[in-house]
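Below is one structure, written out as structure tokens; comments come after it.
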Ligand code: PEP
């Protein structure tokens with residue numbers, strides 16, 4: 001039985017005061033031990049948020065990581081730095097990073113390997129653009145991204161990965177994939193993982209859905225066989241909507 005995992009991607013929102021406030025509210029309202037809960041604030045908030053949640057079941061995640069250990073890489077953040085402020089998870093390959101910051105399947109793969117080396121759990125994002133869905137290319141695109149992400153990652157390491165299927169046309173648009181559309185791609189990804197590794201591995205790996213998930217639509221998505229949680233953007237910025245999804 002896969003334990004559900006709900007992660008909040010705060011993106012470039014919340015200064016440190018606001019982040020501490022939100023984390024405090026989430027901590028106060030969260031009492032659902034059936035679900036793994038992760039919050040992913042901006043880098044500048046990580047340390048302060050960790051101070052709030054460190055003795056709670058809520059885990060800390062970052063929104064990106066660089067693939068080198070250290071050195072002259074102005075503006076980058078290493079896996080060691082993330083560990084040192086209490087991170088246990090890191091989002092890798094979010095579509096906004098692919099779209100605006102030149103993230104590719106190759107850089108995603110390098111970041112996954114570095115995160116795993118430092119025992120950070122990667123939340124690896126994959127998903128098609130609207131034109132790719134309309135052209136019938138969803139499975140091809142997702143397969144390329146998933147194969148690229150796991151390239152050269154051993155089964156022993158890959159067990160710690162979480163995948164987030166995020167159709168790009170559903171992110172921040174209010175257009176949620178139907179439970180059938182999401183389930184179909186989640187199953188496709190699971191079957192692909194069974195080919196890349198084996199069935200037991202694929203059945204154990206958690207696949208989140210992301211894209212305009214809200215308390216009102218979460219239950220319907222989360223009861224589908226292959227949907228094991230959610231990566232939440234907009235609705236993670238308020239404690240009541242985020243916890244509404246956790247409890248859905
Ligand atoms: C996201 O950015 O990962 C996301 C799912 O955003 P939203 O929930 O706002 O669509």
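No lab work stands behind these numbers, since they all come straight from the coordinates. This is a predicted model, so every value here is computed, not measured. With ideal geometry, Cβ positions are generated from the backbone for all residues, glycine too; neighbour counts draw on all protein chains shown.
Worth a mention:
- Here the scattering of segment 4-246 is modelled by Debye summation over its C-alpha atoms, one equal scatterer each and no solvent; at q = 0.08, 0.11, 0.13 Å⁻¹ the log10 of I(q)/I(0) is -0.27, -0.52, -0.74.
- Residue exposure sequence - 78, 33 - by fewest surrounding Cβ within 10 Å: 33, 78
- Annotation: the residues 6, 77, sorted from fewest to most other C-beta atoms within 10 Å of their own C-beta, follow the order 77, 6.
- The chain: most fluctuating residue of 197, 73, 209 per GNM, C-alpha cutoff 10 Å: 73
- By other beta-carbon atoms within 10 Å, ranking 220, 96 with the fewest at the front produces 220, 96.
- For the chain, built as a Gaussian network whose Cα springs stay under 10 Å, the top-fluctuating residue of 235, 149, 219: 219
- Shape class of segment 78-203 from the Cα gyration tensor (axes a ≥ b ≥ c, square roots of the eigenvalues): oblate, since a/c reaches 1.5 or more and a/b does not exceed b/c.
- Of 171, 232, 123, the residue with the greatest mean-square motion in the GNM of the chain, using alpha carbon springs below 10 Å, is 171.
- Separation in nanometres of the label points that stand 7 Å from Cα toward Cβ, at residue 216 and residue 43: 3.7
- For segment 153-207, the alpha-carbon coordinates run over 37, 18, 14 Å along the three principal axes, in decreasing order.
- Relative contact order [Cα under 8 Å, 6+ residues apart], segment 123-213, whole percent: 36
- Sequence-distant contacts, meaning Cα pairs under 8 Å at least 6 residues apart, place the relative contact order of the chain at 21 percent.
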